[in-house]
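Working notes, structure below.
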Amino acid sequence: MARPNASQAVSYTTEELARYEAIVQRYARHVYNVAYRMAGNEADARDLAQETFLRVYRALRRVEPDAPLESWLYRIVSNLYIDLLRKRPRGRVESLDAPVDTPRGELLREMPDPGSSPEAIIEREQLDATIQRALGTLSPDLRMVVVLSDVEGYSYEEIAMFLRVPLGTVKSRLHRARQILQQRLGRYVEARRRGWEP
Amino acid sequence: MRGIRAAAALAPALVAALVAAGATLAAPAPPAPPSVDRVLQLALDAPRVIDYEGTKIITAPRNGRTETVTAAEFHKRPNMTRLEYLSPEDVAGRLIVDDGATSWHYEPRLNTAFEGPTMTTGLLRGDLSLLHRNYRVTGLGTEEVIGRQAYVVQLAPNGPGVSRELWIDQATGTVLRTEERDPSRGVVLTTYFSRISFSLNLPTAYFRFRLPAGARVLHLFPTVDEAATPEALGRQAGFTVLVPPVLPEGYTFSGGGISRFGSLTSVNLQYSDGDSLLSLFEAPAGSIGAPAFGQDVRVGGRPARLVDLGYFRVLIWDQRGLHLTAVGTMPTETLLAIAGQLLSGREQALAHSVSRQVAVDPGVVDRLRREGLTFPEITRAVVLSQRLGIDVPTAVRFLQGRLSTAQLAQRAGVTPATLQRGVREALDQASSVGPHLPAH
Amino acid sequence: MRLNHHRASQLLSAYLDRELGPAETAAVQAHLLDCASCRAAYEGLRTTKELVGQLPVAEPPAGFWAAVRAPWLPRRAGAARIRGVFGRRVAWASAAAVLALALAATPLVKGTIDRLHASEIGVDLYVRQHAQAMGAEPFTDRAYLGLTTGDADLVLSGDAQPAGTAPR
């Protein structure tokens, strides 16, 4: 029942360990990315992803070889994140990495090719921080749908399956989430739109 | 009994209304959506009108984490329920059969059946006036749920507490999906049908519990002596019952009882705001101790214990020879503040101050306290009675949602609009009188 | 198929994601030709999706890969912060082990709870009663109430751990 050392007690065969390594290779980067976009800071993202893989490790014998695990993994991340919100006082989860302050709108009027000059890199980083902060203002439900759709690129059907919600809910949540984000990012959206449509 | 007959009388009219609604919906030009109040009423009436069976998915905190539970849910008009739990493993096979009077819970693994009181009283007694008074009810349009059109309605409490969204089936009024949101934690409870089929007649046999051979039966009927007031409960229990001086706005005394489990006698006070419930249990200190789990907290400098079950929060403390337990879904700080007010032991001072500030006989304040009213409620009732020239008990009944605005206007001999203005002014005036829970 | 403005505006995100059927896609397209405000809304949504989509893949911090590859090793720096969240379960679980023993010694006798281990199961008793009383509120989910009262019944019969403790 008490399992502080349960993982140590499990002794896996070499094949099983190789299977675990393959799962890590295939999924860990995506899991970390989703965790990071949900939590908005490195420390929580790392802990969420590590905890997720600890669960995979413990349940390894029940994992079918080659079965797609996205659904299970994202559900774990989502549940762990909600646990985290639940057990921590409000406001402390989002703010561990202080986001860079919003840059002035003028800077963004011409959207440079990211990755060229040092200034452009800084601007891109500031924009990323602003987008991340806007994501952080969404409720976890809406955020998860946006992250899975627009960051990870899953279809509505896949997201509905991952989150165990009806397709219509994915559709309406995503629409609501984008409307909120558009409002929060209004200046940037407008700048970019004008850049393309003079 | 009376409730059932009233519901039965209502049913044909509602079926007609539903058929009419269905016909209009099929017409080429979509009609203007019904008012949100009408939609809630449709949901409230639905269980008395239609039978259904479906698969329900519940996502809720359980065993210290978020779990998803699947159950087959059967409903028969007006208030019969059958629940067959399918997963996860530790609930698979659990059966609950409630015929509207008795609830049976059978656990196949133990071959044990638990018999207790029904949990369906809300289906017949349901009333929305208190809810309308304490929640902002907003229509959020329509959405598709499992291929059916549903109205989305949000219930947001005026005070701190859990808000709820309901997806209400357009055709039948059945609640297809709910989401409960805690201000500090996000969504704490989601339930939805992944499949549902409606019927006008499910077999009654589904809703009769048959005891399997050799099953052990445990009776979990608390010996409840319902009593109308905390004072009467105290007389029966043999100790003076403590009444909370202040609760979040909208919570009002909705009933109480004495329960006896073995050697443990507890008084139970219930406060409702029309959608959420706060239960306060009081038992002689020593008959029950603090649990070994949960976390230590301090209330008014005194030790207390908080057990956070994710959905429910339980606060336990000792006071004046009593062991008190508060159970509710409200935020932890609110629960702590309520306990803090109780523990401050300023009953006499508060009673004196209220009676002085609203110029009312101290005896009136005392009497209303013994009936379970909080000090802010007493203040509001007294100010309202003075403003409208009605007696205090009538004002109390109005504030508790047992008398509608229209009924009160008729009694006071004014138009509902004038009355509403008077009520608002009276409540504003009353809000300047203490005590208050700290704002968040 | 023709769509009114409201319905079309609700479908813009799904249209953008190519998640509509052919008939709906055609109907939204037709509406976009006619409706300037929907065109503007669509552009806004598209730009928003692009902005979010251009977020770089977050690079895990040093030590992440080692920790994920060897989850059996104790966690180091940073983990203490979160241990308070996920690790509490462990502390509860060991408390639960002790409690389960205490409860096993005080089961229900002949269908009545007269030797109940009051200090530990009082919480479940009260949560059960509270849940039962919630059945009187109009929009309480009964399947959830059944789950809660059922769980409490098991504790009261001495067959499960108290609600405040967490297994696993």
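The values are calculated or read from the model by the stated rules, or taken from the named source; none is laboratory data. All values reported here derive from a predicted model rather than from experimental measurement. Neighbour counts are summed over all protein chains in view; Cβ atoms, including those assigned to glycine, are modelled from backbone coordinates with ideal geometry.
Counting residues in the range B:121-131 that are outside the structural domain of residue B:309 (by TED's automatic domain parsing), buried (at least 19 other Cβ atoms within 10 Å of the Cβ) and of a type in the set (Val, Ile, Thr) gives zero.
In summary, helices (runs of 4 or more DSSP H) completely within the range A:1-74 and bearing 1 or more residues that are modelled with pLDDT of 85 or more occur at A:14-39, A:42-58.
Restricted to the range A:43-70, and to residues there that are more than 17 Å from residue A:25 (Cβ to Cβ) and under 14 Å from the mean Cα position of the chain (by Cα), the residue that is surrounded by the most Cβ atoms within 10 Å (Cβ to Cβ) is A:45. Contact annotation: residue pairs with Cβ atoms under 7 Å, 6 or more positions apart or on different chains, pairing a residue in the range A:46-57 that is touching a residue at least 12 places away in the same chain (Cβ under 8 Å) with a partner that is outside any helix (DSSP H, G or I) and surrounded by 22 or more Cβ atoms within 10 Å (Cβ to Cβ), are A:46/C:60.
Counting residues in the range B:183-199 that are among the aromatic types (Phe, Trp, Tyr), closer than 15 Å to residue B:148 by Cα and within 13 Å of another protein chain (Cβ to nearest Cβ) gives one or more.
Does residue C:100 fit the bill of being part of a helix (DSSP H, G or I) and at pLDDT 90 or above? No; evaluated as a whole, the condition is false for this residue.
Restricted to the range B:102-140, and to residues there that are without any contact (Cβ under 8 Å) to a residue 40 or more places away in the chain and more than 30 Å from residue B:215 (Cβ to Cβ), the residue that is farthest from the chain's Cα centre (by Cα) is B:140. Of the residues that sit in the range B:325-352 and are part of a loop (DSSP other than H, G, I, E, B) and within 14 Å of chain C (Cβ to nearest Cβ), which one is surrounded by the most Cβ atoms within 10 Å (Cβ to Cβ)? Selected residue: B:330. Taken as a whole, the range B:47-57 holds no residue that is surrounded by fewer than 23 Cβ atoms within 10 Å (Cβ to Cβ), more than 9 Å from chain C (Cβ to nearest Cβ), under 20 Å from the mean Cα position of the chain (by Cα) and part of a strand (DSSP E or B).
In this structure, is residue B:367 of a type in the set (D, E, K, R) and buried (at least 16 other Cβ atoms within 10 Å of the Cβ)? Criteria met by residue B:367.
On inspection, residue C:41 qualifies as more than 7 Å from every other protein chain (Cβ to nearest Cβ) and at pLDDT 85 or above. Of the residues making up the range B:353-369, those that are free of Cβ contacts under 8 Å to residues at least 40 places away in the same chain and assigned to a loop (DSSP other than H, G, I, E, B) are B:359, B:360, B:361. Pull up the range B:333-388, narrow it to residues that are closer than 17 Å to residue B:272 by Cα and polar (S, T, N, Q), then point me to the one that is modelled with the highest pLDDT. Filtering the range B:333-388 for residues that are closer than 17 Å to residue B:272 by Cα and polar (S, T, N, Q), the one modelled with the highest pLDDT comes out as B:374. Taking the range B:58-83 as the range and being crowded, with 20+ Cβ neighbours inside 10 Å and among the acidic types (Asp, Glu) as the test, only B:73 passes.
Of the residues making up the range B:68-78, those that are more than 10 Å from chain C (Cβ to nearest Cβ) and either closer than 19 Å to residue B:193 by Cβ or free of Cβ contacts under 8 Å to residues at least 24 places away in the same chain (or both) are B:68, B:74, B:76, B:77.
Residue-by-condition table, conditions (1) within 14 Å of chain B (Cβ to nearest Cβ); (2) farther than 16 Å from residue C:40 by Cα; (3) touching a residue at least 12 places away in the same chain (Cβ under 8 Å):
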site: A:138; (1), (2), (3): yes, yes, yes
site: A:152; (1), (2), (3): no, yes, yes
site: A:160; (1), (2), (3): yes, yes, no
site: A:165; (1), (2), (3): yes, yes, no
site: A:169; (1), (2), (3): yes, yes, no
site: A:175; (1), (2), (3): yes, no, no
site: A:183; (1), (2), (3): no, no, no
site: A:186; (1), (2), (3): no, no, no
site: A:190; (1), (2), (3): no, no, no
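If you go through the range B:293-324 and pick out every residue that is more than 10 Å from every other protein chain (Cβ to nearest Cβ) and part of a loop (DSSP other than H, G, I, E, B), you end up with 4. Residues in the range B:132-149 that are surrounded by 18 or more Cβ atoms within 10 Å (Cβ to Cβ) and at the interface with chain A (Cβ under 9 Å from one of its Cβ atoms): B:143, B:145, B:146.
Taking the criterion of being of a type in the set (Phe, Trp, Tyr), buried (at least 21 other Cβ atoms within 10 Å of the Cβ), without any contact (Cβ under 8 Å) to a residue 24 or more places away in the chain and facing chain C (nearest Cβ under 10 Å), would at least one residue in the range B:85-101 satisfy it? For the range B:85-101, residues of a type in the set (Phe, Trp, Tyr), buried (at least 21 other Cβ atoms within 10 Å of the Cβ), without any contact (Cβ under 8 Å) to a residue 24 or more places away in the chain and facing chain C (nearest Cβ under 10 Å): present.
Can you tell me which residue within the range B:158-177, out of those that are more than 19 Å from residue B:38 (Cβ to Cβ) and at pLDDT 90 or above, is surrounded by the most Cβ atoms within 10 Å (Cβ to Cβ)?
Here the answer is B:177.
Scanning the range C:141-165 for residues that are part of a loop (DSSP other than H, G, I, E, B), surrounded by fewer than 24 Cβ atoms within 10 Å (Cβ to Cβ) and either facing another protein chain (nearest Cβ under 7 Å) or at pLDDT 80 or above (or both) returns C:141, C:157, C:159.
Among the residues making up the range B:411-440, those that are at pLDDT below 75 and surrounded by 11 or more Cβ atoms within 10 Å (Cβ to Cβ) are B:434, B:440. Are any residues in the range B:256-278 facing chain C (nearest Cβ under 8 Å), assigned to a strand (DSSP E or B) and small (Gly, Ala, Ser), and if so, which ones? Result: B:259, B:266, B:272.
Taken over the range B:325-348, the criterion of being under 22 Å from residue B:366 (Cα atoms) and not small (Gly, Ala, Ser) is satisfied by B:338, B:341, B:342, B:343, B:346, B:347, B:348.
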